[in-house]
Amino acid sequence: MSQQPLRVAVVGAGHLGRHHARLYAAIPHARLVGVADINPERAQAVATAYGATPTTDYRDLIDRVDAASIAVPTESHFAVARDFIHRGRAVLIEKPLARSLHEADQLIALAEANGVPIQVGHVERFNPAFVAAKSHLTTPLYIDCDRIGIFSFRSLDIGVVLDLMIHDLDILLDLVDAPVATVEAVGIPVLSPHEDIANARVTFANGCVANLTASRVATRAVRKLRIFQPDAYISLDYAESKALLFRKRPGTLDPATIDPTAIRDLKSFVFNKLISIEEIPMEPQNPLEQELLAFLHCVATGGAPPCCGRDARRALELGTRILQSIQDKLRQHRHLAP
């Protein structure tokens, strides 16, 4: 890291922005210079709490910082990020990268022309459960993702695909080294004008299939990922930061030769004789803190971000294909409705 603390700003002092500000203020090699928000009371409250200058105009901060976290609504990502990048400032943009592929392409091109890194806030890449599980992956053949939450009244400028499912799309593309072959999806608006519940089935050219479900109108929160591969599967609970590895025991008998009627406790027999369950050890860590540390390291050293603009564009592109499939289904439903 550089000897002098990196000067940083946070644009957007809402739910995520205030956490960015809190963590930056606690990192020794960062100095939180300012917090911007169009709501002056909110900017004042967060800036005062963490020793920064409040402002309602983020442009006041551009020439005073080395880098900025952009945690404004998705519809404003492009305009805010463009202004920082144009002046040579590194940006960490909360997911999704932009509201369209056209905007994403413009930001990426501008960043590359100005030699400015873009990191995108796909924070699950830093979840200790995911980090620990990656070393156990071989050839994923089926992936099942559930990301379900209670309606939060946030991110209402986008639907659940770009709000929540986008996390799993990024992880999925990081895990499967093959082009996407087909996408089939359905989504339903419930409380907002956009889809609030969605399910997508993604098939890759190498045969891997992924099933993704996302909802923001549920009664409880679930953030789980299951990855199936030959002779084993991994179950991740992002919320609990826990990962389990299920494997066929070496030398296991052929199940076809076993008489299940002679087994008193079938579940105990299966998980003691046929399948082993191992909790994957991991280092406890705050995923958002690790994300910010990676961003600062990238800015200080000139290294590549762990989730760069092009990575985030791939997730946005897949999300766009899912949204197109959803829209096609809704049009078909309206056409066939009596």
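The table below gives the values:
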quantity	calculated
Size of electric dipole in region 35-75: Cβ of Lys, Arg +1 and of Asp, Glu -1, about Cα centre, debye, nearest 20	100
Charge dipole magnitude, Cβ of K and R +1, D and E -1 - the chain, Cα centre, debye nearest 20	260
Whole-Å distance, taken between Cα centres, linking region 241-267 and region 173-218	32
Calculated from backbone phi, Karplus (6.51, -1.76, 1.60) coupling profile of region 179-190 in Hz, x at Gly/Pro	x, 6, 8, 9, 9, 10, 8, 9, x, 9, x, 10
Ranked list, fewest to most other Cβ atoms within 10 Å of each Cβ, for CYS298, CYS308, CYS208	CYS308, CYS298, CYS208
Sequence ranges 174-182, 55-63, ranked by mean other-Cβ count within 10 angstrom, highest first	55-63, 174-182
Selection from ILE38, PHE153, VAL72 lying farthest towards where the dipole of the chain points positive, charges on Cβ	PHE153
Computed [θ] at 222 nm, helices only, for the chain once each DSSP H run of length n ≥ 4 contributes -39500 (n - 2.57)	-10000 deg cm²/dmol
Efficiency of FRET from Cβ geometry, LEU330 and PHE151, R₀ 22 Å, rounded to 0.05	0.60
Distance between region 80-125 and region 17-77 - C-alpha centres, whole angstrom	17
Beta bridges per DSSP with both ends in the chain, % antiparallel, nearest 5	60
Within straight-line cross-link reach of LYS248, lysines at Cα separation under 30 Å, skipping those fewer than 8 residues along the same chain	LYS134, LYS224, LYS267, LYS273
Protection-proxy order for peptides 210-221, 25-36, each taking the mean of Cβ atoms within 10 Å per residue, highest first	25-36, 210-221
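Each value in this text was obtained by applying a stated rule to the coordinates, not by laboratory testing. Since this is a predicted model, take the numbers as computed values, not measurements. Note that each Cβ is placed from the backbone with ideal geometry, even for glycine, and that neighbours are counted across all protein chains shown.
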